[in-house]
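Please read the structure below before turning to the comments.
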Amino acid sequence: MNIVFMYGVALEQFPPDIGLGYAVLAEKAGFDAVTASDHFHPWMHTNAYSTFAWTWLASAAERTSRVKLGTLVTAPILRYHPAIVAQAFASLAYIYPERIFLGVGAGEPINEIPLGYEWPSPRERVERLEEAIRVIKLLWESDFVNFKGKYFRLKNANLYTKPKDCTIPIYVAASGRKVASIAGRYGDGIVISASTVRKLGSELLDVFNKSARKFGKDPDKMAKIVLIITSFDEDFERALSGIRYWASTMLRFVFKYGIGDPREIEEYASLVGNEQIASRRYVVTSPDEYIGVIEHFVKIGFNHICIVNSSPEPEKLIEIFGKHVIPYFKEE
C-alpha cells in the first residue's frame with residue numbers, strides 16, 4: 001500500500017524551536033514529509049505563536065535530510081503577492097532540490113484582516129487563488145513574464161533564481177467543488193480536511209479526478225491529501241484536552257464574517273463543548289484506532305495522510321506512528 005505520511009507542524013500552536021524538534025523526530029519515525037501551517041495570527045490568543053513559515057521551512061530542511069517540506073497552506077491572495085510566493089519557494093527548491101512543495105488555499109480572515117485588507121467574498125477569494133496559481137507557475141517556467149489578470153499584474157517579471165533541476169508540486173486546499181476543479185486543472189494534488197470529508201465523502205475527490213482527466217492528467221498519479229487534526233493519549237480526557245486548541249476552527253461564522261482578532265475568537269471558542277470537539281475531531285487512545293481511521297480514508301481514495309498533532313505529549317503520537325502505524329501500511 002503506497003501511502004505517503006505527512007507530519008503537520010502547527011506553527012500557530014507550538015514555538016518554532018519545539019516545532020523543529022518534532023520535524024526531526026517525524027523524519028526519524030518514518031514520516032515522508034513535514035508540513036508547516038502559514039499564519040499571521042493564530043487561532044487562539046492564550047499561549048499561541050505565529051512563526052513565519054517560510055523561514056521555518058529552511059531551518060527544518062537544514063535539520064533533516066530526507067523528508068519533503070512545504071506549507072499546508074499558503075494563501076497567495078492578499079498579504080502575499082503570488083510572485084513573491086513563487087520567488088520564495090523557487091529559492092527553497094534551488095537550495096533543497098526535490099524536497100520542496102507548495103500548498104495553497106483561498107485564505108482565512110485571521111491572516112489577512114490584521115494587515116488592513118477587507119475580507120473578500122468566497123467568489124473573489126477563489127478567483128484570486130486561481131489567478132495566483134497561474135502567476136506562480138508562469139514565473140517558475142518562463143522568463144520575463146507579462147500577465148494582466150483581474151487581480152494581479154506582472155510586467156516583464158523574471159525569477160533569476162528558478163527551481164534547480166526540479167519541479168515544485170502545488171497542492172491546492174479545497175472545501176468546495178470550484179476549488180477542487182481548480183486543483184485538478186492547475187495543481188499536482190488536492191488537500192481536503194477530514195472534517196470536510198465527513199460532510200461530503202468522496203465528492204470533492206470525484207470533482208478533482210474529473211477535472212484532472214479533462215486537462216490530460218492521470219489523477220491516480222496525483223497527491224490526494226487528507227488533513228487530520230488529532231490528539232493522542234492513552235487517557236481519553238487528556239487526549240481531548242490536547243485538541244481543545246482547535247475548537248475555534250469549528251466556528252464557521254469566524255470564517256464567514258471575517259473575524260481577525262484571536263482574543264475574540266478565543267472567547268467564542270470557549271463556548272464549544274467537549275462533546276462537540278470529540279465528535280468532530282480525532283481523539284485517539286490506541287495505535288489500532290489510527291490504523292482504522294487511515295484505512296477509512298484510503299478506501300475513500302486518499303493516498304497522502306497528513307497528521308496535525310495536537311497531543312498533550314506530541315512525542316507519544318510520533319512514537320506510535322513510527323513503531324506501529326507507518327510500518328503497518330508500508331509492510332502491506
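Some observations on this one:
- Extreme residue, nearest to the chain's Cα centre (by Cα), among residues of the range 62-86 that are more than 15 Å from residue 6 (Cβ to Cβ) and aliphatic (A, V, I, L, M): 75
- Residues within the range 216-240 that are surrounded by fewer than 18 Cβ atoms within 10 Å (Cβ to Cβ), part of a helix (DSSP H, G or I) and not aromatic (Phe, Trp, Tyr), tallied: 4
- Annotation note: Cβ proximity below 6 Å between a residue of the range 314-332 that is within 18 Å of residue 302 (Cα to Cα) and a residue that is of a type in the set (Phe, Trp, Tyr) (sequence gap 6+ or interchain) occurs for 325/290; 326/5.
- Qualifying residue in the range 286-297 (condition: part of a loop (DSSP other than H, G, I, E, B) and surrounded by 18 or more Cβ atoms within 10 Å (Cβ to Cβ)): no
- Of all residues in the range 116-138 being more than 17 Å from residue 74 (Cα to Cα) and not charged (D, E, K, R), the one that is farthest from the chain's Cα centre (by Cα): 116
- Tally of residues being touching a helix residue (DSSP H, G or I) at 6+ places or on another chain (Cβ under 7 Å) and either part of a loop (DSSP other than H, G, I, E, B) or within 16 Å of residue 83 (Cα to Cα) (or both) across the range 95-104: 4
- The residue of the range 61-86 that is surrounded by the fewest Cβ atoms within 10 Å (Cβ to Cβ), among those that are in contact with a helix residue (DSSP H, G or I) (Cβ under 7 Å, 6 or more places away or on another chain) and more than 22 Å from residue 34 (Cα to Cα), is 79.
- From the list 258, 301, the one residue that fits, being on the phi > 0 side of the Ramachandran plot, touching a residue at least 24 places away in the same chain (Cβ under 8 Å), in contact with a helix residue (DSSP H, G or I) (Cβ under 6 Å, 6 or more places away or on another chain) and surrounded by fewer than 17 Cβ atoms within 10 Å (Cβ to Cβ), is 258.
- Test for residue 223: is it closer than 30 Å to residue 278 by Cα and touching a helix residue (DSSP H, G or I) at 6+ places or on another chain (Cβ under 9 Å): no
- Check on residue 187, closer than 21 Å to residue 81 by Cβ and buried (at least 18 other Cβ atoms within 10 Å of the Cβ): yes
- Meets criteria (farther than 29 Å from residue 46 by Cα, at pLDDT below 95 and not in a strand (DSSP E or B)) for residue 330: yes
- Pairing each residue of the range 218-245 that is over 22 Å from residue 288 (Cβ atoms) and among the small types (Gly, Ala, Ser) with any residue that is in a strand (DSSP E or B) and at pLDDT 95 or above, provided the two are 6+ apart or on different chains, yields C-beta distances under 7 Å for 223/171; 223/189; 223/304.
- The number of residues in the range 25-57 that are surrounded by fewer than 16 Cβ atoms within 10 Å (Cβ to Cβ) and assigned to a helix (DSSP H, G or I) comes to 2.
- Meets criteria (buried (at least 17 other Cβ atoms within 10 Å of the Cβ), part of a helix (DSSP H, G or I) and either within 21 Å of the chain's Cα centre (by Cα) or free of Cβ contacts under 8 Å to residues at least 60 places away in the same chain (or both)) for residue 213: no
- Residues located in the range 1-24, provided they are without any contact (Cβ under 8 Å) to a residue 12 or more places away in the chain and either in a strand (DSSP E or B) or of a type outside the set (Gly, Ala, Ser) (or both): 17, 18
- The residues in the range 1-10 that are surrounded by 21 or more Cβ atoms within 10 Å (Cβ to Cβ), hydrophobic (A, V, I, L, M, F, W, C) and farther than 16 Å from residue 248 by Cα can be counted, and the count is 3.
The values are calculated or read from the model by the stated rules, or taken from the named source; none is laboratory data. These figures come from a predicted structure and were not determined experimentally. Cβ atoms come from the backbone with ideal geometry, glycine included; neighbour counts cover every protein chain shown.
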